[in-house]
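Okay, structure first, notes after.
The values are calculated or read from the model by the stated rules, or taken from the named source; none is laboratory data. From a predicted model like this one, the values you see are computed outputs, not experimental measurements. Using ideal geometry, Cβ is built from the backbone for each residue, glycine included, and neighbour counts are taken over all protein chains shown. Keep in mind that these areas ignore ligands, DNA and RNA; they rest on the heavy atoms of the full protein, side chains included. Shrake-Rupley method; radii C 1.70, N 1.55, O 1.52, S 1.80 Å.
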Protein chains: 2
Amino acid sequence: MDTKNDKLTIQQVAEATGLSVHTLRYYERIGLIHPIGRAENTHRRYSTDDIGWIEFLNKLRATGMPIQQMQAYAELQRQGDVSLPERVEMLKELRHNVETHIAELQEHLKLIYYKIEIYQDLIEEPTPEPA
Amino acid sequence: MDTKNDKLTIQQVAEATGLSVHTLRYYERIGLIHPIGRAENTHRRYSTDDIGWIEFLNKLRATGMPIQQMQAYAELQRQGDVSLPERVEMLKELRHNVETHIAELQEHLKLIYYKIEIYQDLIEEPTPEPA
DNA sequence: CTACAATTTAGAGCGTACTCTAAGTCAAGA
DNA sequence: TCTTGACTTAGAGTACGCTCTAAATTGTAG
């Protein structure tokens, strides 16, 4: 129930997560992913838990969180439950940033709608000639 | 009514738009901003129309539009009304991208809320010991 | 056993969007 | 007039997040 031994290759994980094999190794190197277990002491074998973590990383990235903060978060995660308060703080800050960002995008969206409307009117009725 | 002669210095435009003077010159170099008029034939003097355009550029950037597309849009703008249909197409594509992006952020936001909740429960009731 | 494909590491390279430097010109106040 | 500071250009440098290469090893299908 804890760590299923599904043992996927890096190739399979790349397909499953949308990250390239290069990026998967890069993420591990910089500590975003803990050192992955090896089969035959050389080739990586990922567990389904590992996949879950990588998918979470993908979501953090998609929110615009910089790699450095993700590294900090991963480090806290490794420290276990003692780091829960700090992780909550990070998540709250992220929540705030994302909400702010969404609000900003919605503002800009309004302008885009407005411009589309105006431009379409101008296209239908070119150079509104004084009657 | 067309181009007010408010004539701001690059310094003032930087303050007004939030871009650095470096970035303002960079944007002009790469064609995001049309060649700005000069006072005494060397120093740039920006009109309020120029400011308006730069603020629009800022909004495009904030939506995540890459510089290359912004260059294309700026070029269309320079061509005048004949390019209106193409600009509308670009704006529609942008609208789609922004809407998709907002939807994605809202999905991720849900997960963030969920995690905050779970973690806070764990903090209040540490290591739920089997009764 | 032979190929060929996948994996490994360390490290170099790349695309985007700035950001800064150097060397010189210009302007405005004391 | 002197000095201080803003402005100019061309071009170099930087930060971020990958992305790729080289050279060696390992795995697998026939």
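Key figures for this structure:
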| item | result |
| --- | --- |
| Area hidden from solvent between B and A (accessible, protein heavy atoms only, 1.4 Å, total, Å²) | 3200 |
| Electrostatic dipole magnitude of the protein assembly as shown [Cβ: Lys, Arg +1; Asp, Glu -1; Cα centre; debye, to 20] | 1060 |
| Shortest-first distances to equivalent copies, position A:Asp121, nm, label 7 Å out along Cβ | 5.2 |
| C-alpha long axis of helix B:48-62 to longest principal axis of chain B, angle in ° | 30 |
| Separation of the B:Arg61 and A:Gln106 label points, Cα + 7 Å toward Cβ, nm | 2.5 |
| Size of the protein assembly as shown as Cα extents on the principal axes (Å, biggest first) | 84, 38, 34 |
| Distance in nm between pseudo-label sites at A:Gln77 and B:Gln68 (7 Å out along the Cβ direction from Cα) | 3.2 |
| Nearest-20 debye value, chain B charge dipole, Cβ charges on Lys, Arg, Asp, Glu | 920 |
| 7 Å along Cα→Cβ, label-point gaps from B:Phe56 to other copies, nm, shortest first | 4.5 |
| Links that overshoot a 20 Å alpha carbon limit, given the list B:Lys7/B:Lys59; A:Lys92/B:Lys110; A:Lys59/A:Lys115; A:Lys115/B:Lys110 | B:Lys7/B:Lys59; A:Lys59/A:Lys115; A:Lys115/B:Lys110 |
| For A:Gln69, label point 7 Å along C-beta direction: distances to other copies, nm | 2.3 |
| Global size of chain A as Cα Rg and Dmax, reported in angstrom | 22.8, 85 |
| Rounded D (µm²/s) - the range A:79-131, Kirkwood Rh over Cα pairs, Stokes-Einstein at 37 °C, 0.692 mPa s | 220 |
| Residue among A:Leu32, A:Phe56, A:Leu111 farthest towards the positive dipole end of the protein assembly as shown, charges placed on Cβ | A:Leu32 |
| Simple Cβ-charge dipole of the range B:1-62, Lys/Arg +1 and Asp/Glu -1, about Cα centre, in debye nearest 20 | 180 |
| For chain B, calculated [θ]222 nm from helices alone, where every DSSP H run of n ≥ 4 adds -39500 (n - 2.57) | -22000 deg cm²/dmol |
| Of all chain A residues, the one whose C-beta is nearest the axis that brings A onto B, in angstrom | A:Ile102, 3 |
